[in-house]
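Since the structure comes first, as structure tokens, the remarks are kept for the end.
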Amino acid sequence: MAVKVRIPTPLQRLTQGQEEVDGTPGTVIALINDLDKRFPGMGERISEAGKIRRFVNIYVNEEDIRFLNAEETVVKDGDEVSIVPAIAGGAKQ
Amino acid sequence: MEFTEDQLQRYSRHIILPEVGGKGQKKIAHAKVFIVGAGGLGCPVGYYLAAAGVGTIAMIDNDNVELSNLQRQIAHSMKTLGKPKVESAKNTFESLNPDVNVIALQQRISKDNILDLIKDYDVLVDGSDNFPTRYLVNDACVMLKKPLVSGAILRFEGQVTTVVPGEGHCYRCLFEEPPPPGLVPSCQEAGVLGAITGVVGALQATEVLKLILGKGDVLKGTLLIYDALKTTFRRVRVPRNPNCPVCSDNPTITELVDYDAEYCARQ
């Protein structure tokens, strides 16, 4: 049992359409670095210089990591990590 | 105000609900809702609010109806191709329900006009397709303490959240800053399954009616994420950010920001 990572719509291009991939237990930032190795380009979309970008949120089991231990939040087997970026579709204004 | 016989019939399925009743229906009739965007989300939101009998509905959008809109923007039709979207929507909503006064604003919303445009309204709805507008509407709502029901869609995904200034999070507590241009695709680039605009728009309309009625729990402090391919709704908690640049006790943004110029320059 690994960490379950939910990939948001705008990033599924990098995972060949997969909306859920396995992640490695450890800190969130290590998990993202590992995802970047397997899905090149993922890292820079989510983070910049080791920090999560400000229009992207990471949730561990529905809790926002900004209010846990931020990038150093530890995830373990069985946890569910959601990457949720801002989206803006609706009407052209 | 007293309801006419026709109105009692029209709203009978509302009035029979204990949570609405005649009193709630009158609240709906007196409510003033401002919808940003007359597109994928604005159409169903406006449609359901008009059907519900919301007394005044303002819609702002600068575009004309195009054929590629009709796959999802259900207030428009072949008859209104090429016409302003807000005029098209006004005709549709007022022919559905003559009780409703639709104010059609064919213009762009900007930091210079937004505060004046929205100041007399009770609830705001964001159905815009771009980040500059989304942050502008959020910031203006926080500054004027207006509740805001925000919805967004892309491909097969939808996001809905309700901002109640002073009580819960704001959009910047959720996402502090807009992404740089080009990093997040638009519907035009990435596509959208038309029917999901109906799902998200109906959720937004329901939130608006709950705010008007003061019933139930709105998506305050919560982001609802709809995945159409899996048919799942997920909720994540959105605490108020004590360091939020706009809604915290010591905000760093105290004037509206025009991200538009920056965006246009870089696109």
- Item | Residues that are more than 16 Å from B:VAL54 (Cβ to Cβ) and crowded, with 18+ Cβ neighbours inside 10 Å, drawn from the range B:1-39 | B:GLY37, B:GLY39
- Answer yes if at least one residue in the range A:69-84 is of a type outside the set (Ser, Thr, Tyr), more than 26 Å from B:GLY221 (Cβ to Cβ) and buried (at least 20 other Cβ atoms within 10 Å of the Cβ), and no otherwise. no
- Message: Could you check the range B:157-175 and list, in sequence order, the residues that are more than 17 Å from the chain's Cα centre (by Cα) and surrounded by fewer than 20 Cβ atoms within 10 Å (Cβ to Cβ)?
- Response: B:GLY166, B:GLU167
- Message: Condition first: under 11 Å from the mean Cα position of the chain (by Cα), buried (at least 20 other Cβ atoms within 10 Å of the Cβ), part of a loop (DSSP other than H, G, I, E, B) and modelled with pLDDT under 95. Can you find one or more residues in the range A:37-52 that meet it?
- Response: no
- Task: Please find, among A:ILE58, A:ILE87, the residue that is β-branched (Val, Ile, Thr), within 13 Å of chain B (Cβ to nearest Cβ) and either outside any strand (DSSP E or B) or on the phi > 0 side of the Ramachandran plot (or both).
- Result: A:ILE87
- Any residue in the range B:135-145 that is within 24 Å of B:ALA89 (Cα to Cα), without any contact (Cβ under 8 Å) to a residue 24 or more places away in the chain and surrounded by fewer than 20 Cβ atoms within 10 Å (Cβ to Cβ)? no
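Just give me the residues in the range B:20-66 being in contact with a His (Cβ under 6 Å, 6 or more places away or on another chain) and assigned to a loop (DSSP other than H, G, I, E, B), in sequence order. Break it down into steps so the answer makes sense when it comes.
So in the range B:20-66, the residues in contact with a His (Cβ under 6 Å, 6 or more places away or on another chain) come out as B:20, B:25, B:55, B:65.
Passing the criteria: B:VAL20, B:GLY55, B:VAL65.
The values are calculated or read from the model by the stated rules, or taken from the named source; none is laboratory data. Keep in mind that this is a model prediction, so the values were computed, not measured. Reconstructed Cβ throughout: ideal geometry from the backbone, glycine too, with neighbour counts over all protein chains shown.
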